[in-house]
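Asker: One structure coming up, written as structure tokens, with questions to follow.
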Amino acid sequence: AVTSAENVAGTEGKSVYLTVKLDLPAMRLVTWRVNSSTLIVTALTGGSPSYTDSYRNRCHLYDNTTLRLDNLTHADTGEYSLSVTNNQNTGVIQTGSVYLTVY
């Protein structure tokens, strides 16, 4: 299921919460990317999130799949996409996105 992108405004130097409403399986693999290519974080249910180097110290993934991005810069403007699959990779991939504009 693909949901339409929501628009979120962020302020330079502040934090923003990125949320996509999806039906979450109890056991899941969660992935956030920006501009459909750059990986930010992946996480399996019950495990610690694995952040990429460029985001490790300035973002936090919550259990409900919300992503907090800190110390925003204008370069963070872009489309952030969330994908959720079940742990066995047999389920339908659910995706949704949020478009962030930093002012």
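Asker: Expressed as a fraction of 2.2 N^0.38 Å, the rule-of-thumb size for a compact globular protein of N residues, what is the C-alpha radius of gyration of the chain?
Answerer: That ratio works out to 1.02.
Asker: Which of S36, S54, S83 moves the most in a Gaussian network model of the chain with Cα springs under 10 Å?
Answerer: Evaluated over the chain, the most mobile residue of the options is S54.
Asker: Starting from 0.36 nm per residue, how many nanometres of slack lie between L44 and N7 once their C-alpha separation is accounted for?
Answerer: Between L44 and N7, full extension yields 10.6 nm more.
Read-outs: derived from the displayed coordinates by stated rules, not from any lab. No experiment lies behind these values; they were computed from the predicted model shown.
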